[in-house]
Amino acid sequence: MVNLGHGEDGTPEKVWAASDWRAGLPALPLDDLRRLVVVAAHPDDETLGAGG
């Protein structure tokens, strides 16, 4: 059985803000885009998926 509890607080926002992981990503040229679809995970997707 997998424990999906939220007993831990996770990573504080200030740690994410101070991280430089985005510095290595290339720029995304948006000049000629007419549409953009963003697909992103929600923080509790694993809980909702397990309940479904």
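Some points to look at:
- Scanning region 1-26 for residues that are assigned to a loop (DSSP other than H, G, I, E, B) and at pLDDT 65 or above turns up Gly7, Glu8, Asp9, Gly10, Thr11, Pro12, Ser19, Asp20, Leu25, Pro26.
- Counting only residues that are at pLDDT 75 or above and charged (D, E, K, R), region 30-52 holds 4 of them.
The values are calculated or read from the model by the stated rules, or taken from the named source; none is laboratory data. Computed from a predicted model, the values in this text were never measured in an experiment.
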